[in-house]
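**Student:** Mind having a look at this structure? Questions to follow.
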């Protein structure tokens, strides 16, 4: 079984600090990643805006 069944084409653009924009397959709009609340406090970052973290997406995908 050596055939590749699927290859995800994702592009990540680092914006500023912990903020990134992901361009994902099957989505029209880019997805923003960043920090919020306790995560920002833990890393000593002053969030300019509250944005879901990559951890939030991993947990949502696992639960879904």
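Since every read-out is calculated from the coordinates, none of them should be taken as a lab result. In this text the structure is predicted, and so the values were computed from the model without any measurement. Every residue, glycine among them, receives a Cβ derived from its backbone with ideal geometry; neighbour counts consider all protein chains shown.
**Student:** Do you know which of the residues in segment 23-64 that are within 8 Å of the chain's Cα centre (by Cα) and outside any helix (DSSP H, G or I) is nearest to residue 7 (Cα to Cα)?
**Tutor:** Selected residue: 31.
**Student:** Follow-up question, since we're still on this one. If you scan segment 1-22, which residues turn out to be outside any loop (DSSP other than H, G, I, E, B) and under 20 Å from residue 55 (Cβ atoms)?
**Tutor:** Scanning segment 1-22 gives 12, 13, 14, 20, 21, 22.
**Student:** Please determine whether any residue of segment 45-64 is out of contact with any strand residue (DSSP E or B) (no Cβ under 9 Å at 6 or more places or on another chain), on the phi > 0 side of the Ramachandran plot and free of Cβ contacts under 8 Å to residues at least 12 places away in the same chain. Give the derivation first.
**Tutor:** Keep residues of segment 45-64 that are out of contact with any strand residue (DSSP E or B) (no Cβ under 9 Å at 6 or more places or on another chain), which gives 45-48, 50, 55, 58-64.
In the following step, the residues that additionally are on the phi > 0 side of the Ramachandran plot were identified as none.
Among the residues of segment 45-64, not one is out of contact with any strand residue (DSSP E or B) (no Cβ under 9 Å at 6 or more places or on another chain), on the phi > 0 side of the Ramachandran plot and free of Cβ contacts under 8 Å to residues at least 12 places away in the same chain, which makes the answer no.
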